[in-house]
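Below: the structure, in structure tokens.
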Amino acid sequence: MRGIVYTGEDAEVTDKLGIADPGPTEVKVKIVAAGVCHSDLSVLDGTIPWKAPSVLGHEGAGIVDTVGSSVRSVKPGDHVVIATLASCGTCRACNTGHPTMCIRSLGNVSTPFTYNGEPASNFAAASVFAEYTIVQEVQAVPISKDVPFTSACLIGCGVLTGVGSVLNRAKVAPGETSAVFGVGGVGLNVIQALRLSAASRIVAVDTVASKEALAMQFGATHFVDASKADAVEEIKKIVPHGPKSMARALGPGGVTWSFDCVGHPAVLRNAIDALDWGGTAVAIGVPPRGSEVSVDINNLAYVDRGLIGCRYGASRPHHDIPLMVELYLSGKLMLDELVTETLPLEGFREIVQDMHDGKLARGVLTL
């Protein structure tokens, strides 16, 4: 079987993979398309520590091949999006609609693969950079066959993470203002979710000026080139409202919501500093472990500013994935437009380079 393996030093496209049969609660899926996300690259550069060898990829869609004896929700031939959230389904978090808080969804690495005849682990409970993968039943979410796999695969991570951060975690209200730091695959989905939420101003911020057109296409009202200007100052010029008292200490203007889609302490600090009184910053991007951000607590406590984290868009995959499909089929959610480049597995390195060069919304591998 062909796939992309993290060897501990690099990623290798190989045909030396094997795969087990699904267990009673598992589903074997033939992968048709898989998006390349920065989290995959974070394994390669050490930002996300991961054991090797392992099969990479966590944003995929495909066709159910076989199912375990206890599986009831999907059957062979179904089209599915794979959610990386292998939640247990029985704990208090799962039963109150918060599967991203399920403690059993963390650290559940398994070894359904072999590489050169030796055990190989999965990545993010998904491993979609392979012709076949095995996931828990809860992770295989059936979708309409009207959605192209190259678009559907993006729902599994970038769309759920970005859209969910707005709809599920922030719950942005009509008329509120916003800034989005990082116009990549996740940032674009934050932007279009803000558009769906009727945010009055959506300020996109990036260091790559060429991303302005994409940001505007997905719903941004303004763009700040952070390579040439102070992003915080520019945001406050665009959204100048705010109390005038204590302006020198706490700063007038700013946005109600800001979203750090980059995962860098300096960017998160900018996201906090760009807030209006009563605003909240949402940390979405994942920096290296141990990263810290410092902030004057007075700038939070005196004026009701806040900072919250958001894992996987606070998503409920079996509710949110069908919702994303419905919004797409009704023309309200842009998926096809996210796909900038489509290549076979052997094109992985090309997609990675184009990501580093800021050329892509999302690159997709086809199998």
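The values are calculated or read from the model by the stated rules, or taken from the named source; none is laboratory data. Keep in mind that this is a model prediction, so the values were computed, not measured. Neighbour counts run over all protein chains shown; Cβ positions are idealised from the backbone, glycine included. For accessibility, only protein heavy atoms count, side chains too; no ligands or nucleic acids. Shrake-Rupley method; radii C 1.70, N 1.55, O 1.52, S 1.80 Å.
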Mind putting together the pair-distance distribution for the range 226-364? All Cα pairs, 10 Å bins, whole percent per bin, short to long.
-> 10, 27, 32, 23, 7, 1
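May I ask you to give the solvent-accessible area per residue for the chain, in square angstrom, as obtained with a 1.4 angstrom probe?
Working: 15220 Å² over 367 residues.
Ligands and nucleic acids excluded, the result is 41 Å² per residue.
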Under the Karplus curve 6.51 cos²θ - 1.76 cosθ + 1.60, θ = phi - 60°, whole-Hz ³J(HN,Hα) for the range 73-87, x wherever Gly or Pro sits = 7, 9, 9, x, x, 5, 8, 9, 9, 9, 8, 6, 7, 8, 6
Long-range amide H partners of D276, meaning residues 5 or more apart or on another chain whose placed amide H is closer than 5 Å, are V255, T256
Over the range 162-291, volume per residue of the alpha carbon convex hull, in Å³ | 100
Hey, what do the phi angles of the range 215-228 turn into as Karplus ³J(HN,Hα) couplings, whole Hz, using 6.51/-1.76/1.60 and θ = phi - 60°, x for Gly and Pro?
-> 4, 5, 4, 8, x, 5, 9, 9, 9, 10, 7, 6, 7, 10
When DSSP assigns beta bridges and you keep just the ones with both residues in the chain, what percent turn out antiparallel, to the nearest 5?
-> 55
May I ask for log10 I(q)/I(0) of the range 77-138 at q = 0.12, 0.13, 0.23, 0.27 Å⁻¹, from a Debye sum over the Cα atoms as equal point scatterers with solvent left out?
-> -0.35, -0.40, -0.97, -1.14
Projected onto the charge dipole of the chain (+1 at Lys/Arg Cβ, -1 at Asp/Glu Cβ, origin at the Cα centre), which of C157, Y312, I351 gives the Cα projection farthest towards the positive end?
-> Y312
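Go ahead and run the numbers for FRET between E292 and T66, Cβ-Cβ distance against an R0 of 56 Å, rounding to 0.05. Can you show the working numbers first?
Details: r = 46 Å, r/R0 = 0.82.
With a Förster radius of 56 Å, E is 0.75.
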Quick one: dipole size for the chain, taken about the Cα centre, charges +1 on Lys/Arg Cβ and -1 on Asp/Glu Cβ, in debye to the nearest 20.
-> 1080
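Hey, could you grab the Kirkwood Rh for the range 116-178? Inverse mean 1/r over distinct alpha carbon pairs, Å, one decimal. Before the final figure, lay out each step's value.
On the way: mean 1/r = 0.0678 Å⁻¹.
Hydrodynamic radius (Kirkwood, Cα pairs) of the range 116-178 is 14.7 Å.
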Can you work out the base-10 log of I(q)/I(0) for the range 1-80 at q = 0.24 1/Å, using the Debye formula on its C-alpha atoms alone?
-> -1.13
Could you go through the range 137-145 in sequence order and give the Karplus-derived ³J(HN,Hα) for each residue, using 6.51 cos²θ - 1.76 cosθ + 1.60 with θ = phi - 60°, rounded to whole Hz, and x for Gly and Pro?
-> 3, 4, 8, 9, 9, x, 9, 5, 6
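Quick check for me: using +1 on Lys/Arg Cβ and -1 on Asp/Glu Cβ, what's the dipole size of the range 324-367 about its Cα centre, in debye to the nearest 20?
Working: 4 positive and 8 negative charges, 22 e Å.
Charge dipole of the range 324-367: 100 debye, to the nearest 20.
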Percentage relative contact order, the range 296-367, counting C-alpha pairs under 8 Å, at least six apart = 25
